[in-house]
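These notes concern the structure reproduced below.
Derivation of every value follows stated rules applied to the coordinates shown; laboratory data play no part. Note that the structure is a prediction, hence the values are computed from the model and not measured. Neighbour counts run over all protein chains shown; Cβ positions are idealised from the backbone, glycine included.
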Amino acid sequence: MKATGIVRRIDDLGRVVIPKEIRRTLRIKEGTPLEIFTDREGEVILKKYSPIGELSIFAKEYVEALAQTTGMMACITDHDQVVAASGHGSREYEGKGISRELDRVIAEREMKCYYGEEKGKIALVENQKENKAGLIIQPIICAGDAIGSVALVGKSNGERPGNSEKMLVQTAAGFLGRQMEQ
């Protein structure tokens, strides 16, 4: 555990403020769900809650099927990291933090398609090497909230995903959103 040197007091309603610097670093915004744990030494641990993380085994199987079907790399993310990835180059993505641009796309709740060297193309993960292949991103919506995304990344420069790949990504995101509601 990393010491920050910041001390906060609990108010009369049992609340404690998480310092702005920590919220910014961990991308904790108003409404971000947190899990609360305690350990034997009396420590209270706050962890960002990821509903998609609970489906990680299922998500891994789903991206493997998407990658096999399309021949492209497939990723499923939550608001923080790539939960599951499969296909050529997936090792560079799995478990990595998502980029701020991808977080913005998730918040916008609309499918985005990027082709080749198009301006405005985004990185899926932080510090990603430049990729000139096509990219499709579909946010996962659960109970009205955008909770993550499904993405397909082309395997070669200039590869343009077609309508069938767009439909597969939409279907995957819709299915995962409904699974989370159950």
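By its C-alpha gyration tensor, with a ≥ b ≥ c as the square roots of the eigenvalues, how is the stretch 65-120 shaped: rounded for a/c under 1.5, else prolate for a/b larger than b/c, else oblate? In terms of gyration-tensor shape, oblate. Distance between the pseudo-spin-label points of Leu13 and Ser99 (7 Å out from Cα toward the beta carbon): 3.9 nm.
Of all aspartates and glutamates in the structure, those lying under 13 Å Cα to Cα from Lys166, and not within fewer than 8 positions of it along the same chain, are Glu110. Computed over neighbours whose Cβ is under 9 Å from that of Asp103, the net charge equals +1, Lys and Arg +1, Asp and Glu -1. In a reduced charge model with +1 at each Lys and Arg Cβ and -1 at each Asp and Glu Cβ, the chain shows a dipole moment near 460 debye about its Cα centre.
Summed over qualifying helices (DSSP H, 4 residues or more, each -39500 (n - 2.57)) and divided by its residue number, the chain shows a 222 nm mean residue ellipticity of -8500 deg cm²/dmol. Taking label points 7 Å from Cα along the Cα-to-Cβ direction, Arg178 and Thr32 give a separation of 3.2 nm.
On full extension, the segment bounded by Thr69 and Lys20 gains 13.3 nm, given 0.36 nm per residue less the C-alpha separation.
Over all pairs of different C-alpha atoms, the stretch 1-49 has a mean inverse distance whose reciprocal, the Kirkwood radius, equals 12.3 Å. Counting only chymotrypsin sites (Phe, Trp or Tyr not before Pro) that DSSP places in a loop and that have at most 16 other Cβ atoms within 10 Å, the longest clean stretch of the chain runs over 116-182. Computed over every Cα-Cα pair of the chain and binned at 5 Å starting from 0, the pair-distance distribution P(r) comes out as 1, 8, 16, 20, 18, 12, 9, 7, 5, 3, 1, 0 percent.
For the residue pairs Lys29/Lys121; Lys20/Lys112; Lys20/Lys129; Lys60/Lys96; Lys20/Lys121; Lys48/Lys129, the alpha carbons lie more than 19 Å apart in Lys29/Lys121; Lys20/Lys112; Lys20/Lys129; Lys20/Lys121; Lys48/Lys129.
Between Arg23, Arg104, Arg160, the GNM of the chain built on Cα springs shorter than 10 angstrom shows Arg23 fluctuating the most.
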